[in-house]
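Here the structure is laid out as structure tokens; the discussion comes afterwards.
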Amino acid sequence: MRIGILALQGAFAEHREMLATLGVRAELVRTPGGLDGLDGLILPGGESTSMRRLAAWGGLDKALRDFGAGRPVWGVCAGLILMARYVEGEEPFAGLMDMAVARNAYGRQGESFVADLLPGRLGGGPLPGVFIRAPRVVEAGPGVEVLARHGGWPVALVQGHLLATAFHPELTPDPRMHAFFLKLCAARGALP
Ligand code: GLN
């Protein structure tokens, strides 16, 4: 299986390390050509304004939209913002997932926190959720399944071949979210 990680900015290296522990050597994507033949793509956390600008300069914006229309994509934090159909106060980027998000709604950098999340269909004990200037999903469409919530708000969501988390599993030693995404990719978007 060939998994790519958008590597323009942000926490891409940590995803690569986590995937390596699961036996997958991920490819870093910086150009539209880098998407060729991939079975899945991770949009990492970082800063979504910087990421969308860098993507647009390199012509990656359209390529990412086209890729995500049919192939598995997982957006983490800033990556979740890139995937959302509605972003409060700004134009959406890829507009792939039917949800509305408010950036930085969990507070500033210093208000970052770790919360135990119920793992739902991932199974096992509590899932550690690292929230860093996270976006809040204020609304999710009827075709979106919520995998986990925090304080009542959706923080892990899946819509067909698309996955989004407001928190950062790559910053914890818990591989369950990555393993789930790999299954989604192997099943070409059919829910594991
Ligand atoms: N606050 C960032 C943004 O709005 C996202 C933070 C993150 O990815 N940890 O783009």
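Just so you know, all these numbers are worked out from the coordinates, no wet-lab data involved. These numbers were taken from a predicted model, which means no experiment stands behind them. Note: ideal-geometry Cβ built from the backbone for every residue, glycine included; neighbour counts use all protein chains shown.
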- Message: Just to confirm the filter: which trypsin sites (Lys or Arg not before Pro) across the range 54-125 are DSSP coil and have at most 13 other Cβ within 10 angstrom of their Cβ?
- Response: Arg108
- Query: What ranking do Trp153, Trp74 get, fewest neighbouring Cβ atoms within 10 angstrom at the top?
  - Reply: Trp153, Trp74
- Note on the structure: Placing each pseudo-label 7 Å from Cα in the direction of the beta carbon, Thr31 and Asn104 end up separated by a distance in nanometres of 3.5 nm
- Query: Nearest 20 debye, what's the magnitude of the dipole of the range 73-191 about its Cα centre given +1 on Lys and Arg Cβ and -1 on Asp and Glu Cβ?
  - Reply: 220 debye
- Message: Can you give me the orientation-averaged projected area of the convex hull built on the Cα atoms of the chain, in nm²?
- Response: 9.4 nm²
- Taking Cα pairs closer than 8 Å and at least 6 residues apart, the relative contact order of the chain in percent is 19 percent
- Message: Can you show me the helix-derived [θ] at 222 nm for the chain, built from DSSP H runs with n ≥ 4 at -39,500 (n - 2.57) apiece and divided by the number of residues, rounded to the nearest 500.
- Response: -7000 deg cm²/dmol
- Between Ala105 and residues 5 or more places away or on another chain, the pairs with built amide H atoms under 5 Å apart involve Arg136
- Item | Separation of the Thr49 and Met1 label points, Cα + 7 Å toward Cβ, nm | 3.6 nm
- Under a point-charge model restricted to the Cβ atoms of Lys and Arg (+1) and Asp and Glu (-1), what is the dipole moment magnitude of the range 135-192 relative to its Cα centre, in debye to the nearest 20? 100 debye
- Message: Run the Debye formula on the Cα coordinates of the range 1-75, all scatterers equal and no solvent, and tell me log10 I(q)/I(0) at q = 0.13, 0.22 1/Å.
- Response: -0.33, -0.96
- Item | Relative contact order of the range 88-192, pairs being alpha-carbon contacts under 8 Å that are 6 or more residues apart, as % | 23 percent
- Message: Please report the spacing between the Cα centers of the range 111-186 and the range 1-66 in Å, no decimals.
- Response: 19 Å
